[in-house]
Amino acid sequence: MRSNWLLPSVFSCVMVSLPASASEILTWQFNPTENRIDFTTSAAVKPSAQLLGGPARLVIDLPDTTLNKPTASQSLSNGLRSLRVGQVEPGRTRMVLELDPEYAIEPQQILIQASNPRQWSVQLPTPQPLKSFRNGAPIGSVSVFNELGQIVQSTPFTPRPPTVAAASTIPIDYIALDPTRTGVLIRADRQSKTPFRYTTSWDNTASAYRIVIPNARLGSNYQIPTESKRYLTVGTQADNVYILVRRADGVKAEAVRQYVDNRWVYLQPVGVVVATRPPVSIPVPPPSANRPGEKEDPTTTIPPISNKRVLVMIDPGHGGKDPGAIGLGGLKEVDVILPVSLQVAQILRKNGIEVKMTRNSDYFVGLDERITMSRQAGATLFVSIHANSIDNRPDVNGLELYHYNIGKSFAETVHRNILEYVNKNGFFIADRRVRSARFLVLRKSSIPAILVETGYLTSETEAARLRRDDYRKVMAEGIAQGIIQYIKDRN
């Protein structure tokens with residue numbers, strides 16, 4: 001990824017002198033790996049954006065901003081033709097992203113967002129063939145969000161008559177990710193107790209759940225928490241409010257609830273939590289992940305962990321003649337999980353916890369042998385570490401934890417800690433939940449045992465992360481933190 005000033009092009013340009021208070025574009029770059037434009041300015045700026053047709057192009061205007069360099073242009077690929085930056089009039093800099101004639105994108109799938117008033121990013125969806133759009137290339141305004149998740153109210157660069165919201169539209173002033181990650185909290189500034197009407201669908205282009213609320217609008221004081229902006233894209237179209245819930249970031253669209261008369265009322269299960277003010281979150285128990293015919297024994301109790309001796313058996317899966325899953329670019333499961341497992345063991349030992357491993361280098365160990373080693377060592381906890389894969393489904397990704405019988409509480413604690421730790425460190429792993437499974441290393445274990453699937457090697461994003469030492473380190477720290485927390489809770 002390079003950040004540089006590109007060669008002049010035929011983009012029309014007027015260079016002017018501006019007052020000292022005007023902002024200046026300092027840097028800009030297109031990141032082809034992330035399909036994203038990043039730019040910084042010397043002072044706060046409030047962009048406006050619109051997707052135009054003939055040819056299809058995204059136009060971003062930066063008011064009160066100057067480009068004190070020659071007009072720049074960059075040729076692109078994969079459905080994008082070029083990116084141009086220039087001064088279109090005194091005090092206004094314009095960025096134009098032009099698409100190839102045979103491709104198009106949806107305006108509501110473009111996310112323009114500030115990390116602070118001087119640093120902005122433009123996250124683009126993957127361009128799709130024009131023939132996949134029934135009504136031709138879409139056009140329309142693009143929402144721009146500041147660092148607080150609020151829509152930037154800037155003067156549009158194309159004069160348009162003001163839109164007057166219908167009296168019947170519901171003003172929404174707060175949207176956030178539900179803490180349980182099972183949906184979305186919406187706070188509406190209204191007196192009506194009538195539930196919202198809404199629809200949900202899976203958006204293949206955006207790889208996200210789309211929630212559409214008709215006869216609604218974003219209120220003048222609309223806000224979205226900073227953390228929720230990582231998971232949700234919010235916008236308006238006509239008299240509709242839409243929310244894109246990115247599955248890859250760990251959010252599930254499940255039970256629909258509305259807070260009415262001081263109680264939660266369940267609506268049809270299509271994926272949004274709707275609340276009147278104030279927003280109230282009540283945890284939703286996850287649906288049972290047991291396989292058909294497989295049940296937990298409600299009478300089983302978890303053996304307490306002695307304060308005097310805790311021994312954790314760390315089990316890096318596969319090894320030797322069994323490389324495990326083979327992912328994108330030939331990435332092998334064994335090459336991912338052994339470094340993670342070794343780091344987990346190292347962290348636990350530094351915290352005074354005794355650790356043994358079923359293997360500490362690349363050699364084969366049978367499944368029954370792993371259980372025998374654990375029993376002979378007198379282990380009190382068993383942790384098997386793996387990486388996942390699935391054929392022909394590059395969209396599937398995320399963290400999964402498995403247990404059988406007495407390992408449920410252990411799995412839930414480790415699962416929660418991994419998610420919180422990885423997300424806190426900026427990677428935002430998807431949550432594929434805690435599940436019950438009859439894996440031999442789990443069902444033959446007489447102690448709390450779990451199996452951690454650190455991610456999918458068949459996902460482009462996760463395969464790229466799992467190759468990285470820094471990400472594997474964060475994953476190991478999250479696993480170790482969960483184990484330590486469980487031990488503390490049991491003592």
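Observations
- Listed by position, the strands (runs of 3 or more DSSP E) inside segment 40-80 whose residues that are closer than 21 Å to THR236 by Cβ number at least 2 are 48-52, 57-63.
- Checked against (1) modelled with pLDDT under 90; (2) over 20 Å from VAL441 (Cα atoms); (3) open to solvent by 40 Å² or more (accessible area, probe 1.4 Å), ARG291 passes all but condition (2).
- When GLY149, GLY219, GLY140 are checked against the criterion of being modelled with pLDDT under 65 and either open to solvent by less than 60 Å² (accessible area, probe 1.4 Å) or β-branched (Val, Ile, Thr) (or both), GLY149 stands alone in meeting it.
- Count - residues of segment 77-128 that are surrounded by fewer than 17 Cβ atoms within 10 Å (Cβ to Cβ) and touching a Cys at 6+ places or on another chain (Cβ under 9 Å): 0
- Taking the criterion of being part of a helix (DSSP H, G or I) and either under 27 Å from SER361 (Cβ atoms) or modelled with pLDDT of 90 or more (or both), the residues of segment 376-405 that qualify are GLN376, ALA377.
- Residue match in segment 100-108 (condition: assigned to a helix (DSSP H, G or I) and within 25 Å of THR236 (Cα to Cα)): yes
- Remark: pairs (first residue in segment 428-445, in contact (Cβ under 8 Å) with a residue 40 or more places away in the chain and outside any loop (DSSP other than H, G, I, E, B); second residue among the acidic types (Asp, Glu) and surrounded by fewer than 17 Cβ atoms within 10 Å (Cβ to Cβ); Cβ separation under 8 Å; 6+ apart in sequence or on different chains) = SER436/GLU294; SER436/GLU296; LEU440/ASP368.
- Count of segment 66-98 residues which are within 32 Å of the chain's Cα centre (by Cα) and modelled with pLDDT of 85 or more: 18
- Residue selected from segment 412-426 under the condition open to solvent by 30 Å² or more (accessible area, probe 1.4 Å) and not charged (D, E, K, R), by the criterion modelled with the highest pLDDT: TYR421
- If you filter segment 352-411 down to residues that are over 14 Å from LEU311 (Cα atoms) and of a type in the set (Asp, Glu), you find that the one that is most open to solvent (accessible area, probe 1.4 Å) is ASP391.
- Residue in segment 454-473 that is within 11 Å of THR413 (Cβ to Cβ) and hydrophobic (A, V, I, L, M, F, W, C) present: no
- The condition (being within 29 Å of the chain's Cα centre (by Cα), at pLDDT 80 or above and of a type outside the set (S, T, N, Q)) is satisfied by just one residue among PRO101, PRO63, PRO47: PRO47.
- Among the residues of segment 428-459, just one is surrounded by 23 or more Cβ atoms within 10 Å (Cβ to Cβ) and on the phi > 0 side of the Ramachandran plot, namely GLY455.
- A search for C-beta distances below 6 Å between a residue of segment 474-491 that is among the acidic types (Asp, Glu) and any residue that is open to solvent by 10 Å² or more (accessible area, probe 1.4 Å) and outside any helix (DSSP H, G or I), counting only pairs 6+ apart in sequence or on different chains, returns nothing.
The values are calculated or read from the model by the stated rules, or taken from the named source; none is laboratory data. Bear in mind that the values here come from a model prediction, so they are computed numbers and not experimental data. FYI the Cβ positions are ideal-geometry reconstructions off the backbone, even for glycines, and counts take in every protein chain you see. Please note that ligands, DNA and RNA were not included when accessible areas were found on the heavy atoms of the full protein model with its side chains. Shrake-Rupley method; radii C 1.70, N 1.55, O 1.52, S 1.80 Å.
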